[in-house]
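Nothing in this text is a laboratory measurement; each read-out follows from the coordinates by a stated rule. It should be emphasised that the depicted structure is a prediction, and the values quoted were computed from it without experimental measurement. Because the Cβ atoms are built from the backbone with ideal geometry, glycine has one as well, and the counts that use them run over all protein chains shown.
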Number of protein chains: 2
Amino acid sequence: MKTVGIVVEYNPFHNGHLYHAQKARESAQAEVVIAVMSGHFLQRGEPALVNKWARTRMALQNGVDIVIELPYVFSVQKAEYFAKGAISILNELFCDSFCFGSESGQLAPFLETLHQMEGSSALLDPLIRQYMGEGVSFPRAQTLARESLFGQQLPLDLSKPNNILGFHYIQANQQLAHPMEPLTIKRQQADFHEVTLGSHPIASATGIRKAIAEQKGQLQTIKPYVPAATFAELQHYLQTYGHFHDWGMYWPFLQYRLLASSAEELAAIYDVSEGMEYRLKEAARQSTGFTEFMQMVKTKRYTWTRIQRALVHILLHVSKEEMAAATESVRYTRLLGMNKQGRDYLNQIKKNMEVPLITKTAAFKESLAFDIKAAEIYALGLPSYSSHSLLQSEFNEHPVILT
Amino acid sequence: MKTVGIVVEYNPFHNGHLYHAQKARESAQAEVVIAVMSGHFLQRGEPALVNKWARTRMALQNGVDIVIELPYVFSVQKAEYFAKGAISILNELFCDSFCFGSESGQLAPFLETLHQMEGSSALLDPLIRQYMGEGVSFPRAQTLARESLFGQQLPLDLSKPNNILGFHYIQANQQLAHPMEPLTIKRQQADFHEVTLGSHPIASATGIRKAIAEQKGQLQTIKPYVPAATFAELQHYLQTYGHFHDWGMYWPFLQYRLLASSAEELAAIYDVSEGMEYRLKEAARQSTGFTEFMQMVKTKRYTWTRIQRALVHILLHVSKEEMAAATESVRYTRLLGMNKQGRDYLNQIKKNMEVPLITKTAAFKESLAFDIKAAEIYALGLPSYSSHSLLQSEFNEHPVILT
């Protein structure tokens, strides 16, 4: 069966995602669409609005055949590692192609940019370090370094988050022994960061989350922008757990963790850069909420998402050492859900797979250690009773099977 | 000026404590009564009902002239270390005597027991280990070992908590270069663990706390058993912070901490004995509250207070290594409050003191690291706004001065 892979977060699944899944299937002429999806904590260093099981159900009801979890070690990471982890999983699952959204809908700019930059990392890296030494953030230093090296000649605007991701998908794919066919489709929405909902049925996930946050318990506003299954899942989640997840929910734990840990302990955490630990501790002492805390912590040197990712790792106690070990050793595909078509495909390829296809958590506690911890901490944000049932779900929940 | 020391927790200060302070002054014929008091976390591994400043004010209004904080490294400890820390502080403050409550009101049984046991530790210790190897708790193993060595001949019942403390006071005092004069007075209440309030004006602190817990926001029941200043302080605390402190308040943080930490991290915590870490993690996963958690965790091998102390150290991230270093190096007396008489005395002795007399937190952040952390974590248990003001108090609050 011909198969196309996509890399997603579905926070939450909206009409733009539906379009992406359909177009991917079309342009790849695929019978099977496989989505690699972040678990409970996302690339931008945030808890997902609803848990991964609910997001899996949204996907399976809207044109995705198989949902695989992107492990924590890859999901809460900068674009390069995020892309590398996701692409390697699609490759393990024998995808013929993968398809991502881009601003232009053209592959050529990605391939040309990659070509130009290949071999120039020996020149780029010292420049990036130099700019960072002047106190700017990593993405900004990258942009400045590229501009000073290539002028305005690069065919791709690498300051756009979606272009950065696409670039790294292409790059990771080319490093495979047997690369998949890359495909891209033009994104149908105005901007990644668009925060207001317009008349077009496709809105950004950011805009949808903002609308949800502003109208607690009232979902009507977002109805035009999401498939019916998303709307039903969100309603059901609210009825079951009483809340959607956001950083505010985890603020008490983060504050506690920052105050109870020594500066040395914090410095050992992944993505906590030199000196950041003192700033974090002091801000934790002064702040009464997450947003106030972030305002106090942010500097020109680090982007908002860069800090948020460090905070997720702090919340989960993930050390530099553990992350280094895990990045080397994490090789598995964890099934979150599938439909009939997806099951047939997995049955067909399973015997040839080189990494385990995990369907039962209990048998893979060691490999899944970070993902299990993420699920447990994610659950703790909810009020006590709900969190208790959600705490158990990591062990009791089976892959979603849509027949 | 003639000075007597007492070792206290005042959780909360009640009529029995008033009697103790008065009798200590009388029997020592002292002009100054110095209380060494546990800070925010107590010897039995519990948060104090109200913070140390409120408890200091209770004491100063009821016959105590100076209140000194027993540092965290000594307060959340078994009787032996607790006593050693407290006695050494009273000695640093040049107390002529110290006075403790006992079941009999007689010193002789303490001195005789100490005499009999001295030199027999070479016989006792292996016996204690042997009994513990059979799976009983440390205090129980001690009792069994003593019985098998001395029969029923010991003049002191060392299974009673107050006798154990008294015994260790006497023992620690004798190890000083210049021992103070030991004094004891007969306790006026039925039993340390008495939990019902009777017609007698002296009730146990346990009974008083239980009555408070059962009638949230209603303090009338305890009025006959506490001095007016205690009653007023408790009322004021409730108005200011909305809550008294108990373990339930810290349960979300404890559960989070147990789930976010690896078994190895937990095993490195002070007082976490071999294998306990797995039991704690599993119970944290299963429980919806502190009491349910404790029921699940407790075994014949460990007493309730032994487990609670380990949990306080887990809550505060205090490692075996840090505690060992601190026990060696912690040498300071931190002033929590004094009246006119107390001030005169401290002015008089201050130049001869060998350890710093700390009145300003900010200048001693390093020495006070555990006490500051204890104050911060203690504050986090309260709802956000109150905890914010209480968080700051460790730095802003000056010693209570009663003129």
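By the beta-carbon count within 10 Å of each Cβ, the least crowded to most crowded order of B:THR3, B:THR288, B:THR56, fewest first, is B:THR288, B:THR3, B:THR56. Nearest 0.05, what FRET efficiency do B:LYS320 and B:GLN188 give at R0 = 56 Å with Cβ-Cβ as r? In this case the efficiency is close to 0.90. Put simply, when B:248-257, A:5-14 are sorted by average Cβ atoms within 10 angstrom per residue, most first, you get A:5-14, B:248-257. Note on B:VAL272, B:VAL67, B:VAL355: ascending count of other Cβ atoms within 10 Å places them as B:VAL355, B:VAL272, B:VAL67, the fewest first. For the segment B:359-370, counting C-beta atoms of other chains within 10 Å of every residue's C-beta and taking the mean gives 0. Of the options A:GLN235, B:TYR332, B:THR361, report the single residue whose Cα projects farthest towards the positive end of the charge dipole of the protein assembly as shown (beta-carbon charges: Lys, Arg +1; Asp, Glu -1). Going by the charge dipole, the pick is A:GLN235. Normalised radius of gyration (Cα atoms, divided by 2.2 N^0.38 Å) for the protein assembly as shown: 1.13. Summary of packing: across the peptides A:44-53, A:178-187, the per-residue average of other C-beta atoms within 10 Å ranks them, highest first, as A:44-53, A:178-187. For the range B:20-119, applying the loop criterion from DSSP together with a ceiling of 11 other beta carbons within 10 Å to the GluC sites (Glu not before Pro) yields B:GLU118. Remark: A:THR361, B:THR327, B:THR299 ranked as B:THR299, B:THR327, A:THR361, counting other beta-carbon atoms within 10 Å and listing the fewest first. Which shape class, rounded, prolate or oblate, goes with the range B:120-159 when its Cα gyration tensor gives a ≥ b ≥ c as root eigenvalues, a/c under 1.5 marks rounded, and past that a/b bigger than b/c marks prolate? Cα axes put the range B:120-159 in the oblate bin.
In the protein assembly as shown, helices alone account for a calculated mean residue ellipticity at 222 nm of -16000 deg cm²/dmol, with every DSSP H run of four or more residues adding -39,500 (n - 2.57). Distance from the C-alpha centroid of the range A:334-390 to that of the range B:72-126: 56 Å, rounded to the whole angstrom. A Cβ-based charge dipole, computed about the Cα centre of the range A:13-93 with Lys and Arg at +1 and Asp and Glu at -1, lands at about 220 debye. A DSSP coil position with no more than 11 other Cβ atoms inside 10 Å describes the following GluC sites (Glu not before Pro) in the range A:271-379: A:GLU274, A:GLU354, A:GLU366. Restrict the search to the range B:359-403; then list the trypsin sites (Lys or Arg not before Pro) that DSSP places in a loop and that have at most 15 other Cβ atoms within 10 Å of their Cβ. Listed in order of number, the matching sites are B:LYS360, B:LYS365. Can you tell me how the range A:94-228 classifies by the Cα gyration tensor, rounded, prolate or oblate, using a/c under 1.5 as the rounded cut? Since a/c reaches 1.5 but b/c is at least a/b, the shape of the range A:94-228 is classed as oblate. Its Cα centre serving as origin, chain A has a Cβ charge dipole (Lys and Arg +1, Asp and Glu -1) of approximately 600 debye.
When the Cα positions of A:MET132, A:PRO155, A:HIS115 are compared along the charge dipole of the range A:108-159, A:MET132 comes out farthest toward the positive end, with charges on each C-beta of Lys, Arg, Asp and Glu. Computed about its Cα centre, the charge dipole of the protein assembly as shown is approximately 1200 debye, with only Lys, Arg, Asp and Glu carrying charge at their Cβ. Determine the percent antiparallel among the DSSP beta bridges restricted to the protein assembly as shown, to the nearest 5. Antiparallel: roughly 20 percent of the beta bridges in the protein assembly as shown.
Between A:GLN235 and A:THR206, the distance separating the two model label sites (each 7 Å from Cα on the Cα→Cβ line) works out to 3.0 nm. Considering only B:GLN218, B:HIS168, B:PRO47, the residue lying farthest towards the positive end of the dipole of chain B is B:GLN218, judged by Cα position with unit charges set on Cβ.
Across peptide B:24-30, the mean count of Cβ atoms from other chains lying within 10 Å of each residue's own Cβ comes to 0. Would you please classify the overall shape of chain B from the alpha carbon gyration tensor, given that a ≥ b ≥ c denote the square roots of the eigenvalues, rounded means a/c under 1.5, and beyond that prolate means a/b larger than b/c while oblate covers the rest? Taking the square roots of the gyration eigenvalues as a ≥ b ≥ c, chain B is rounded. With the simple spin-label model, which puts each label point 7 Å out from Cα in the Cβ direction, the A:PHE395 to B:SER273 separation comes to 2.5 nm.
Here chain B carries DSSP beta bridges of which approximately 20% are antiparallel, counting only pairs with both residues inside. Give, as a single signed number, the net charge of other residues whose beta carbon lies under 13 Å from the beta carbon of A:HIS40, with Lys and Arg counted +1 and Asp and Glu -1. Result for the local shell: -4. Take the Cβ atoms of A:ARG285 and B:GLN341, set R0 to 45 Å, and the FRET efficiency comes out at 0.80. Pairs from the list A:LYS78/A:LYS160; B:LYS300/B:LYS320; A:LYS52/A:LYS186; B:LYS210/B:LYS373; A:LYS78/A:LYS216; A:LYS320/A:LYS373 with a Cα-Cα gap above 20 Å: B:LYS300/B:LYS320; A:LYS52/A:LYS186; B:LYS210/B:LYS373; A:LYS78/A:LYS216.
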